Amino acid sequence: MLQRGLNWAAATLVGVFGFVWTGVVMFAAVETPAWTWIGQVCFGAFLTCWALYKVTLLVRRTKPGFVPRHRRVRARA
């Protein structure tokens with residue numbers, strides 16, 4: 001359970017960082033060349049998209065981790 005919470009925290013922090021990174025580049029880096037600005041925006045978009053991808057994986061249902069293969073082991077209901 002702790003690992004799932006940490007996964008949510010990591011995805012949230014990376015998504016927020018990517019969004020803030022893009023905002024800083026757009027408003028604070030005015031005197032930079034266009035190619036660096038485009039690269040920085042692509043990096044921020046990559047971080048945000050990665051976080052959204054991880055969130056979709058966390059929202060999906062997970063498969064049961066244990067399937068009994070022996071007669072003496074009973075499956076949990």
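Here the mean projected area of the convex hull built on the C-alpha positions of region 2-59 is 3.8 nm². Take the Cα of PHE19, go 7 Å toward its beta carbon, and the backbone nitrogen atoms of region 31-54 under 19 Å from that spot belong to 41-54.
We did not get these values from a lab; they are worked out from the coordinates using the rules stated. Quick caveat, the model's predicted, so the values are computed rather than measured. Note that each Cβ is placed from the backbone with ideal geometry, even for glycine, and that neighbours are counted across all protein chains shown.
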